[in-house]
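**Q** Below is one structure. I have some questions about it.
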Amino acid sequence: MARLRFGRRPHFHSRRLVGALLSVAVLLIGLSLIPATSSWTSALRDGAGTVLGPAEALVHAATQPVRKLSEYTESNSQLRDDVARLSSQNAQLQREADQADLDRARLVEFEGLNKMTNQTGLRLIPARVVAMGPVQSFSRTVSLDIGSRQGIGKDMTVVNKDGLVGRVIAVSDSSSTVLLIVDTNSVVGGRLGSNNEIGFLRGRGSFNDSGRLDLDMLDDSVTPSIDDLVVTWGSNGKGPYVAGVPIGKVESVYATPGQLGKHAVIKPLADFSALDVVGVVVPKAGSVR
Amino acid sequence: MSSGVRAGVLAILLIALVSVQYAALDLIAVHGVVPNLVLLLTVAAGLSMDLPVAVVLAFCGGLLMDLAPPAMHPVGGWALAMVIVALLAARQRDDAADSPIQGLLTVAACSFVATSVYAFIALVSGAPGLGVGQVLGVILIAVLWDVALAPWLLPSFTKLLPKLLQPEPIRR
């Protein structure tokens with residue numbers, strides 16, 4: 001019936017408009033996929049973040065009463081600030097404590113000089129997660145309420161009180177985007193706490209409680225043991241992740257038929273469905289990372 | 001209203017919708033999937049506005065979803081999906097105006113197509129480790145969310161949009 005009414009079919013000029021819009025969209029996708037031009041679309045995104053970041057922070061602030069219902073431990077904004085400050089302190093202490101364990105295990109090998117410098121040359125800036133990327137966009141990212149104005153830069157490590165959260169992949173002046181380690185695009189160098197063996201952790205993309213990471217060891221002969229702690233491997237300031245941040249614990253180990261080596265499934269320490277206060281690791285003023 | 005004021009109102013409406021979608025709806029997310037407000041606005045535009053207005057609104061809404069933090073690459077994916085949705089909805093204009101069920105079916109179809117188009121782009125542009133089962137699950141939840149919100153939001157949007165952007169009645 002509707003098909004017979006030709007009068008409402010798109011006119012020539014609106015067809016041309018639709019064609020133009022579709023072409024622009026395809027062009028943008030192309031530009032963002034070609035490495036040489038992807039910085040243009042990133043710049044576009046950073047620009048949009050200047051407007052949309054504060055808008056999201058505003059909306060997030062407006063939802064605080066609802067969020068508070070589930071977080072009944074906090075009663076007013078004064079307490080919330082305290083929690084933010086203490087959580088970041090706690091996260092730092094936790095990281096130091098976990099690192100202390102690891103350092104003990106390899107005291108003989110290292111004498112820890114480089115690492116200690118590294119560790120003391122860092123500090124945490126507390127931030128709040130204000131927006132989560134919807135899963136139907138097929139990426140696991142969150143945005144923070146601080147940006148380049150507060151000293152945040154690309155590739156900085158993001159942690160919370162439990163462990164590694166992700167790394168900063170985009171910054172505008174008042175907001176930043178964090179790629180979570182459970183994203184399928186995320187690869188983190190990890191080290192087993194018990195024997196210092198290294199491997200790579202890849203995200204599986206699940207956002208809910210079953211968010212897991214896959215660990216492939218570099219050395220095929222190593223078999224991770226259940227409940228072993230995995231920490232970041234770090235790369236002396238060249239890579240995005242600082243060394244020694246706890247990532248997760250080995251949940252199960254399995255062998256793939258026809259492949260050398262064992263794979264392990266890692267349960268991350270951080271709860272990615274309830275991210276709130278996080279800390280961004282920045283170099284301490286005056287120190288060289 | 002002058003066209004400048006209309007563009008401003010439209011921009012504020014879209015920014016508000018995208019901000020709510022990204023910064024507030026995670027409260028009700030199911031496995032991380034949230035209702036797609038921009039999609040509902042786009043369907044409403046397709047159903048109630050002239051096609052050129054609807055596709056431009058769809059493109060702008062989609063582009064904002066692509067650009068708003070914490071979105072990741074590729075830019076243009078949602079813009080493409082939303083323009084297709086506006087075209088689809090515009091085709092259903094008469095049927096959907098006749099019955100609410102048709103309106104819901106239109107939303108379901110549009111939600112399915114939009115999320116699928118975006119998923120296809122994400123898969124082609126190399127999101128490693130994305131399983132087909134996982135993608136289908138996400139699409140299903142997304143469709144259910146959009147259909148669940150449609151009875152509340154779609155009628156308001158179809159009434160609001162012509163008032164905001166097109167004071168003169170649509171050419172019948």
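The values are calculated or read from the model by the stated rules, or taken from the named source; none is laboratory data. A quick note: this is a predicted structure, and the numbers were derived from the prediction, not measured. Because the Cβ atoms are built from the backbone with ideal geometry, glycine has one as well, and the counts that use them run over all protein chains shown. When the accessible area is computed, the model is the full protein with side chains, heavy atoms only, and any ligands, DNA or RNA have been set aside. Shrake-Rupley method; radii C 1.70, N 1.55, O 1.52, S 1.80 Å.
**Q** Within the bounds of the stretch B:29-45, is there any residue that is more than 8 Å from every other protein chain (Cβ to nearest Cβ), farther than 22 Å from B:ILE141 by Cβ and assigned to a helix (DSSP H, G or I)? Explain how you work it out, then say what you get.
**A** Here is the first cut: in the stretch B:29-45, the ones more than 8 Å from every other protein chain (Cβ to nearest Cβ) are B:30, B:35, B:37-45.
Now narrow it down to the ones that are farther than 22 Å from B:ILE141 by Cβ: B:45.
Now narrow it down to the ones that are assigned to a helix (DSSP H, G or I): B:45.
Scanning the stretch B:29-45, I find at least one residue that is more than 8 Å from every other protein chain (Cβ to nearest Cβ), farther than 22 Å from B:ILE141 by Cβ and assigned to a helix (DSSP H, G or I), so the answer is yes.
**Q** Write out, first by first residue and then by second, each pair whose Cβ atoms fall under 6 Å of each other, whose residues are 6+ apart or on separate chains, and whose first residue, in the stretch A:173-193, is not assigned by TED's automatic domain parsing to the domain that holds A:ALA264 while the second is open to solvent by 10 Å² or more (accessible area, probe 1.4 Å) and of a type in the set (A, V, I, L, M).
**A** Listed pairs, sorted by first residue: none to list.
**Q** Which numbered condition trips up B:ALA71, out of (1) open to solvent by 30 Å² or more (accessible area, probe 1.4 Å); (2) over 12 Å from the mean Cα position of the chain (by Cα); (3) facing chain A (nearest Cβ under 7 Å)?
**A** Every listed condition holds for B:ALA71 apart from (1).
This table checks each residue for (1) within 30 Å of B:ALA114 (Cβ to Cβ); (2) open to solvent by 40 Å² or more (accessible area, probe 1.4 Å); (3) within 14 Å of chain B (Cβ to nearest Cβ); (4) modelled with pLDDT of 85 or more.
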residue	(1), (2), (3), (4)
A:ASP101	no, yes, no, no
A:ALA105	no, yes, no, no
A:VAL108	no, yes, no, no
A:LEU113	no, yes, no, no
A:GLN119	no, no, no, no
A:ARG123	no, yes, no, no
A:SER139	yes, no, yes, no
A:GLN150	no, yes, no, yes
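**Q** Which residue, of B:ILE28, B:ILE101, is among the aliphatic types (A, V, I, L, M), under 22 Å from B:LEU136 (Cα atoms) and surrounded by fewer than 24 Cβ atoms within 10 Å (Cβ to Cβ)?
**A** Of the residues listed, the single one that is among the aliphatic types (A, V, I, L, M), under 22 Å from B:LEU136 (Cα atoms) and surrounded by fewer than 24 Cβ atoms within 10 Å (Cβ to Cβ) is B:ILE28.
**Q** Further question: Failed condition for B:VAL55, given (1) over 22 Å from A:LEU180 (Cα atoms); (2) outside any helix (DSSP H, G or I), with all others met?
**A** B:VAL55 satisfies all of (1) over 22 Å from A:LEU180 (Cα atoms); (2) outside any helix (DSSP H, G or I) except (2).
Okay, residues lined up against (1) free of Cβ contacts under 8 Å to residues at least 12 places away in the same chain; (2) farther than 16 Å from A:SER14 by Cβ:
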| residue | (1), (2) |
| --- | --- |
| B:MET49 | no, no |
| B:ALA58 | no, no |
| B:LEU67 | yes, yes |
| B:PRO74 | no, yes |
| B:ALA79 | no, yes |
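**Q** Which condition from (1) in contact with an Asp or Glu (Cβ under 6 Å, 6 or more places away or on another chain); (2) not in a loop (DSSP other than H, G, I, E, B) is the one that B:VAL75 breaks?
**A** Result: B:VAL75 fails condition (2) only.
Conditions tested, residue by residue: (1) at pLDDT below 90; (2) open to solvent by 50 Å² or more (accessible area, probe 1.4 Å); (3) within 20 Å of B:PHE59 (Cα to Cα).
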| position | (1), (2), (3) |
| --- | --- |
| B:VAL85 | no, no, yes |
| B:ALA97 | yes, yes, no |
| B:PHE112 | no, yes, yes |
| B:VAL124 | yes, yes, no |
| B:LEU149 | no, no, no |
| B:PRO162 | yes, no, yes |
| B:ARG171 | yes, yes, no |
